[in-house]
There are 2 protein chains.
Amino acid sequence: MNAIARQEPFDLNDPELRARAVAAARGDAPFDMLLTGGRLLDAVTGLIREADIGLVGALIASIHAPASRTDAVEIVDATGGILTPGLIDMHMHVESSMVTPAEYASAVLPHGVTTVVWDPHEFGNVHGLDGVRWAIEAARTLPLRMILLAPSCVPSAPGLELAGADFDAAVIAEMLRSPAVGGVAEVMNMRGVIDGDPRMSAIVNSGLASGKLVCGHARGLTGADLNAFMAAGVTSDHELTSGADLAAKLSAGLTIELRGSHDHLLREFVEVLNGLGHLPSTVTLCTDDVFPDELYQSGGLDEVARRLVRYGMKAEWALRAATFNAAERLKRSDLGLVASGRRADLVLFEDLTELRARLVISDGRIVARNGSMEAAIQSLDTAPLINSIKLPPLSENDFRVPAKGARVRVATIDRPRFTQWGEAETEIRDGFVVPPAGSAMIAVAHRHGKAGGTPRIGFLTGWGEWRGAFCTTVSHDSHNLTVFGSNVRDMALAANAVITAGGGMAVAKDGAIQAILPLPLSGLVTDTSLKDTASAFSDIRKAMDKIVDWKPPYRVFKACFGATLACNAGPHQTDRGIADVATGKVLESPVLEIL
Amino acid sequence: MNAIARQEPFDLNDPELRARAVAAARGDAPFDMLLTGGRLLDAVTGLIREADIGLVGALIASIHAPASRTDAVEIVDATGGILTPGLIDMHMHVESSMVTPAEYASAVLPHGVTTVVWDPHEFGNVHGLDGVRWAIEAARTLPLRMILLAPSCVPSAPGLELAGADFDAAVIAEMLRSPAVGGVAEVMNMRGVIDGDPRMSAIVNSGLASGKLVCGHARGLTGADLNAFMAAGVTSDHELTSGADLAAKLSAGLTIELRGSHDHLLREFVEVLNGLGHLPSTVTLCTDDVFPDELYQSGGLDEVARRLVRYGMKAEWALRAATFNAAERLKRSDLGLVASGRRADLVLFEDLTELRARLVISDGRIVARNGSMEAAIQSLDTAPLINSIKLPPLSENDFRVPAKGARVRVATIDRPRFTQWGEAETEIRDGFVVPPAGSAMIAVAHRHGKAGGTPRIGFLTGWGEWRGAFCTTVSHDSHNLTVFGSNVRDMALAANAVITAGGGMAVAKDGAIQAILPLPLSGLVTDTSLKDTASAFSDIRKAMDKIVDWKPPYRVFKACFGATLACNAGPHQTDRGIADVATGKVLESPVLEIL
């Protein structure tokens, strides 16, 4: 099961394996495994037919009439179930589920996900190239096929933030030389590409030169910007913001990765596609980010497909997007289709609406049955990931903005998700700015040891009334220590709890920690089980609900983790200050003018 | 325009080119060319919209609202027309049109065909590896993109026929190392693959090892045979025999190349696809073999699309099959779609039913306008292709079957296309077998100098009454000199006319040549213009109509050229005798028994 040693897809080209498969298909030798009595959903035609399937090694050798063959080393009864190809998650970050790759694999394989395309840019932002190497090595031994991508935007907005690493084109090219790496991951520094910034242009060009995928993050791009982004060579997007955006991006010719993490958009997407009357072959599915409790409760890419079906997409469309279309995008003609000569990655679903997987086969082996793993999972040593929080304890004053005089005009960051610049007047008390009425604070402290760790502070408006503080080292994408709060006491308390834990999340209120989730590996993930991680994360959610009032779809808990993503349009607080990608400027302090 | 030097698709990865395209898309630099006022058929969604298109070098840089940009070195008025990607012919043999690659390119480019996937197995059968090298070199300098394939079955049925060459796996592997070669061409020796014959298995395996396409010819395959053929690694088919065959092959997971050369099947294909309700992305189009008069009168792949539309296929389906689906199959993400960042291969059609191309752009250059070439065409020296007919003049007795005694039982080859074994009794006169009543004769003489050139003779039943003779050195795939006829005088006459011409076709009747088409290059093609070749071939057709009564769809003129294709099921006359691929046996003489 060694992804590099076997050099997929070339492992299937073993002449002896092919000869065995041909002989078995012909009827002159038994199959290694024979699945009998099931029905097959053909991903190409969308038709369902009764079929038995014979496997030889990792190959599908034969698809034939029910009961026409009985000669096999192992016969598996598939009666009542529907066979499909293994699901392919086209864009995801293992780190978002806050568990190790091994634990992630154990979580999604029983749901029928047999391949994921992993952009390890969270590990990359924290540990640099070593983090990516660790990810490649961790993936190598798993029964879940992990196609890695080279993180293209570490940091996402150079000059506007400091991450734990800085990947230039030479580093990207080095990663692309690995057979485990399938392309360049979501190019998020859109402005850099569009403006022809030498660094980003060189990164995209190194992707083109490799002949591998150059994946995009085309959030909000239209018109000339979208044309320029695509002219540079970027070919996909998952950052859709509406049904109209989907229609425009499809027509523009981008490959689409419909993303499960933004559920409120999925109905619109289904409506647009149903209106089109056919599923374009450029539509694929992805999870992007799945929180541990969601992963534990609902699964991975299967949940995206399930919801699309629930929202009105034909099951055969959802599954075609999740299998065949994905394989085409990956130029992996061994994947994505149940056909003789292809790789035996198969799922036996109980039905096509609930998508409960009875049996999951990867490379011709049963890896999961009835929701539980059967294959062994080998974990890679996580020691290289610890001690990543390079910060001393912080004091309450670290969360205050110093200023002289009596009154001050400050810049504010208005609204989550689609942030806008704002301004407010407020008073100065004891040498510090009093947060403007109705605002909350955001503080970001560099935590990678590349610069000082004093938090930079901003004032948030439109984020509702806060009654405590939340600290997280999961903070896209530089993952600096980020604290939201209404008062410096709770902010310092939450921050210090997280620093002590070696990374993670904490909620403080009224001078007491309400919930803590230690994430001692990279400040992003934990070595404990998904079940325990899901439970602890769920406690964080509940604690958060007590200190702030959410207002979906944009003012939501999830928005906290993207609040520092400075590559997106609008002002974003980073460890350098309040950054704006449109101007390339950073305000170290929100103080605009002493009045 | 050098296909090897520019190493497609990597020519588009020039950083300076990309930077220019990005700047132009952004609006900071003019386009090299701007197409204004046209409508665009989006191959992905099938929707038509108004759009202007800006090109930079060989790249599409921008697709934008009409009249929103006017800055370009050259502005081309596309008013009233519909823009689509350039058409891609997924499987064809230039040689079938009996003209040079340069002349073929001049014929199809003005029709909107910008890419062809050429299996030069006719040249390969005659000249061996040198023939394929000549084809690669001839393609290299043309404005028509020619992706070559390595001929997999030279000869098509080893042991049953002798061609001018013998390509084993080592030769195939050598061809596959050329960047001009995109894969292994139609694997026709189906029995060899299915039975695990070492030669054919090694050829298929060399294709798999190259990571390039392994294309099929799965004529009549079903059930275990089809599974075995696919398990070996073959992934496409164009040899469909019915609508049901199409449905079965689609469901099996083969990529389909719907073939224009068998028009009588196209309506069935349209019916099956319309019944499916969507166009699977595995459906592509091809011409396979186009006679010179058909090419001259109707065009190449555009004619296949046009007929599909006429027979009830939606135009957007036909064009998607001919463009985007083809590019996906080829794993060429630079082709097949009008999108920023892709290659500027574009056609401006007057409409979507007649598909008359007003303008054809390849690599960002206008190559044809209003049905005429604008780009220069460079022909390769054809001297290496002459003197390929290695035969002395033949005598009338060479076309007789010697036998002793008075009566004899002979084997017959019954019916064109789907041949069957038959038997007949007849008399012996003057030491030669008298052809059985109602039969015609077929004689095949080895013409490559690898063995003696004495014709081997067979008796055809079910081919109608013949009243003269037809000789051709175009005779798939070994292209030995093949003569059909009712009497030895006309047969010898026609044969000697062809031998004298250095190859080609001739029709004789009543002791006189009725028509002759010299094909002195390889015995397959001519250096003269398509117009003249079409006219001469048309004369052959007319002469043939006088010496035999055709009965479509199977007893047709075209069947003469495939009568010796011994890889297909049933008895076939070859230069070795009457061959049967099922038994691997060859009857040197049709005489079964002296009675």
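The values are calculated or read from the model by the stated rules, or taken from the named source; none is laboratory data. The model shown is predicted, which means the values in this text are computed figures rather than measured ones. For neighbour counting, all protein chains shown are included, and Cβ atoms are generated from backbone atoms with ideal geometry for every residue, glycine included. Heavy atoms of the whole protein, side chains included, go into the accessibility calculation; ligands, DNA and RNA do not. Shrake-Rupley method; radii C 1.70, N 1.55, O 1.52, S 1.80 Å.
Yes or no: B:Ser210 buried (at least 24 other Cβ atoms within 10 Å of the Cβ), of a type in the set (Ser, Thr, Tyr), over 16 Å from B:Ser478 (Cβ atoms) and at pLDDT 95 or above?
Against the criterion (buried (at least 24 other Cβ atoms within 10 Å of the Cβ), of a type in the set (Ser, Thr, Tyr), over 16 Å from B:Ser478 (Cβ atoms) and at pLDDT 95 or above), B:Ser210 does not qualify.
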Next item on the list: Select from region B:303-357 the residues that are in contact with a Lys or Arg (Cβ under 8 Å, 6 or more places away or on another chain) and of a type in the set (Asp, Glu) and list them in ascending order.
Entry: B:Asp334, B:Asp345, B:Glu350, B:Glu354
Notebook entry, point to check: What are the residues in region B:299-353 that are within 12 Å of another protein chain (Cβ to nearest Cβ) and more than 30 Å from A:Val234 (Cβ to Cβ), if any?
Noted result: B:Lys314
Notebook entry, point to check: Taking region B:194-209, which residues are under 23 Å from the mean Cα position of the chain (by Cα) and either within 16 Å of B:Ala582 (Cβ to Cβ) or touching a residue at least 60 places away in the same chain (Cβ under 8 Å) (or both)?
Noted result: B:Met200
Next item on the list: Return yes or no: is B:Thr528 under 26 Å from the mean Cα position of the chain (by Cα), assigned to a strand (DSSP E or B) and hydroxyl-bearing (Ser, Thr, Tyr)?
Entry: no
Check: Quick one: would you say A:Thr45 is within 14 Å of another protein chain (Cβ to nearest Cβ) and under 21 Å from B:Ala252 (Cα atoms)?
Finding: yes
Item checked: Residues that are on the phi > 0 side of the Ramachandran plot and surrounded by 14 or more Cβ atoms within 10 Å (Cβ to Cβ), drawn from region A:381-438 -> A:Arg415, A:Arg417, A:Gly438
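Being closer than 23 Å to B:Gly453 by Cβ and either in a strand (DSSP E or B) or open to solvent by less than 20 Å² (accessible area, probe 1.4 Å) (or both) is the filter here; which residues of region B:541-564 pass it?
Selection gives B:Cys560, B:Phe561, B:Ala563, B:Thr564.
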Check: Within region A:133-152, can you find the residues that are in contact with a strand residue (DSSP E or B) (Cβ under 7 Å, 6 or more places away or on another chain) and either part of a helix (DSSP H, G or I) or in contact (Cβ under 8 Å) with a residue 40 or more places away in the chain (or both)?
Finding: A:Ala135, A:Ile136, A:Ala139, A:Pro143, A:Leu144, A:Arg145, A:Met146, A:Ile147, A:Leu149, A:Ala150, A:Ser152
Notebook entry, point to check: Restricting attention to region B:268-283, and to residues there that are aliphatic (A, V, I, L, M) and facing chain A (nearest Cβ under 8 Å), which single residue is most open to solvent (accessible area, probe 1.4 Å)?
Noted result: B:Leu276
Margin query: Quick test for you: out of A:Ala376, A:Ala368, pick the one residue that is within 20 Å of A:Ala58 (Cα to Cα) and modelled with pLDDT under 95.
Written below: A:Ala376
Checklist line | Leading residue by the ranking (nearest to B:Gly112 (Cα to Cα)) among those in region B:139-177 that are of a type in the set (Ser, Thr, Tyr) and surrounded by 20 or more Cβ atoms within 10 Å (Cβ to Cβ) | finding: B:Ser152
Check: When residues of region B:484-502 are filtered for being buried (at least 24 other Cβ atoms within 10 Å of the Cβ) and under 16 Å from B:Arg400 (Cβ atoms), how many remain?
Finding: 8
Check: Does region B:342-352 contain at least one residue that is part of a loop (DSSP other than H, G, I, E, B), touching a helix residue (DSSP H, G or I) at 6+ places or on another chain (Cβ under 6 Å), open to solvent by 10 Å² or more (accessible area, probe 1.4 Å) and within 18 Å of B:Leu109 (Cβ to Cβ)?
Finding: no
Check: Which residues, counting only those in region A:503-540, are small (Gly, Ala, Ser), surrounded by fewer than 19 Cβ atoms within 10 Å (Cβ to Cβ) and either closer than 23 Å to A:Val132 by Cα or free of Cβ contacts under 8 Å to residues at least 12 places away in the same chain (or both)?
Finding: A:Ser529
Margin query: Going by what's in this entry, would A:Leu213 be described as of a type outside the set (Val, Ile, Thr), within 18 Å of B:Ala19 (Cα to Cα) and in contact with a strand residue (DSSP E or B) (Cβ under 7 Å, 6 or more places away or on another chain)?
Written below: no
Next item on the list: Report the residue count in region A:164-186 for those that are under 22 Å from A:Ala327 (Cβ atoms) and outside any loop (DSSP other than H, G, I, E, B).
Entry: 7
Item checked: Residues that are at pLDDT 95 or above and assigned to a loop (DSSP other than H, G, I, E, B), drawn from region A:258-287 -> A:Gly277, A:His278, A:Leu279, A:Pro280, A:Ser281, A:Thr282, A:Thr287
Notebook entry, point to check: With respect to A:Ala339, is the statement that it is among the hydrophobic types (A, V, I, L, M, F, W, C), over 30 Å from A:Asp130 (Cβ atoms) and more than 24 Å from the chain's Cα centre (by Cα) true?
Noted result: yes
Item checked: Checking A:Ser372 against (1) among the polar types (S, T, N, Q); (2) closer than 30 Å to A:Ile82 by Cβ; (3) touching a Lys or Arg at 6+ places or on another chain (Cβ under 9 Å), the condition it does not meet -> (3)
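I need a count of the residues in region A:360-380 that are open to solvent by 30 Å² or more (accessible area, probe 1.4 Å) and farther than 29 Å from A:His127 by Cβ.
6
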Notebook entry, point to check: Counting only residues that are touching a residue at least 12 places away in the same chain (Cβ under 8 Å), farther than 17 Å from B:Val214 by Cβ and open to solvent by 20 Å² or more (accessible area, probe 1.4 Å), which one in region A:9-28 is nearest to the other protein chains (Cβ to nearest Cβ)?
Noted result: A:Gly27
Checklist line | Selection from region A:69-110 of residues that are within 25 Å of A:Val181 (Cβ to Cβ), away from chain B (no Cβ under 14 Å) and in a strand (DSSP E or B) | finding: A:Leu87, A:Ile88, A:Asp89, A:Met90, A:His91, A:Met92, A:Val99
Margin query: Every residue in region B:48-68 that is closer than 16 Å to B:Ser362 by Cβ and part of a strand (DSSP E or B), please.
Written below: B:Ile53, B:Leu55, B:Val56, B:Leu59, B:Ile60
Notebook entry, point to check: Quick one: how many residues across region A:191-247 are assigned to a loop (DSSP other than H, G, I, E, B), more than 10 Å from chain B (Cβ to nearest Cβ) and of a type in the set (S, T, N, Q)?
Noted result: 3
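Rundown of residues vs (1) under 36 Å from the mean Cα position of the chain (by Cα); (2) modelled with pLDDT of 95 or more, yes/no style:
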| position | (1), (2) |
| --- | --- |
| A:Glu8 | yes, no |
| A:Asp28 | no, yes |
| A:Leu35 | yes, yes |
| A:Gly54 | yes, yes |
| A:Thr70 | no, yes |
| A:Met92 | yes, yes |
